[in-house]
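FYI, it's all coordinate maths here, none of it is from the lab. Treat the numbers as computed from the prediction; the structure is a model and nothing was measured. Neighbour counts are summed over all protein chains in view; Cβ atoms, including those assigned to glycine, are modelled from backbone coordinates with ideal geometry.
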Amino acid sequence: MRAVIAGPDDGELGPALEGEGIETSRVEGIASRPALEEAGIHEADLFVLTDVGQATAIPVAKDVNEALKVVVYDEDTIPEFARGQADLIVDPNLLAPETVAEELVDS
């Protein structure tokens with residue numbers, strides 16, 4: 001399983017995913033289409049967004065890879081336009097990264 005992570009990972013979901021055997025790559029800077037492609041969004045199973053300020057990356061990622069499972073891991077509210085495209089929205093204050101990673105592997 002592969003995951004592309006966009007945004008800062010202050011909640012350390014990336015290391016938790018890696019601990020569950022998920023290969024991760026990161027988008028450096030803004031999660032534009034070229035940046036997502038460079039990070040390997042075509043081959044990814046998961047797109048993890050940790051900054052809802054970049055929510056426009058969700059429809060872009062889904063356009064590139066329709067089979068993606070989208071996970072938002074941020075304490076801020078995701079904009080309505082992107083909410084319907086996210087498969088899982090989690091507040092890091094409510095669930096630890098290890099718990100989220102375990103659930104993603106099991107799903």
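See the values below:
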{"item": "Qualifying position, being out of contact with any Asp or Glu (no Cβ under 9 Å at 6 or more places or on another chain), of a type in the set (Asp, Glu), in contact (Cβ under 8 Å) with a residue 24 or more places away in the chain and within 21 Å of SER107 (Cα to Cα), among GLU66, GLU20, GLU43, GLU37", "result": "GLU43"}
{"item": "Pick from the stretch 31-70, criterion of a type in the set (Gly, Ala, Ser) and closer than 18 Å to ASP87 by Cβ, ranking: surrounded by the fewest Cβ atoms within 10 Å (Cβ to Cβ)", "result": "ALA67"}
{"item": "Index of the failed condition, ALA101 passing every other in (1) of a type in the set (Gly, Ala, Ser); (2) touching an Asp or Glu at 6+ places or on another chain (Cβ under 9 Å); (3) surrounded by fewer than 17 Cβ atoms within 10 Å (Cβ to Cβ)", "result": "(3)"}
{"item": "Matching residues, the stretch 30-59, being within 17 Å of PRO92 (Cα to Cα), among the β-branched types (Val, Ile, Thr) and assigned to a helix (DSSP H, G or I)", "result": "VAL52"}
{"item": "Tally, over the stretch 13-29, of residues that are assigned to a loop (DSSP other than H, G, I, E, B) and surrounded by 15 or more Cβ atoms within 10 Å (Cβ to Cβ)", "result": "2"}
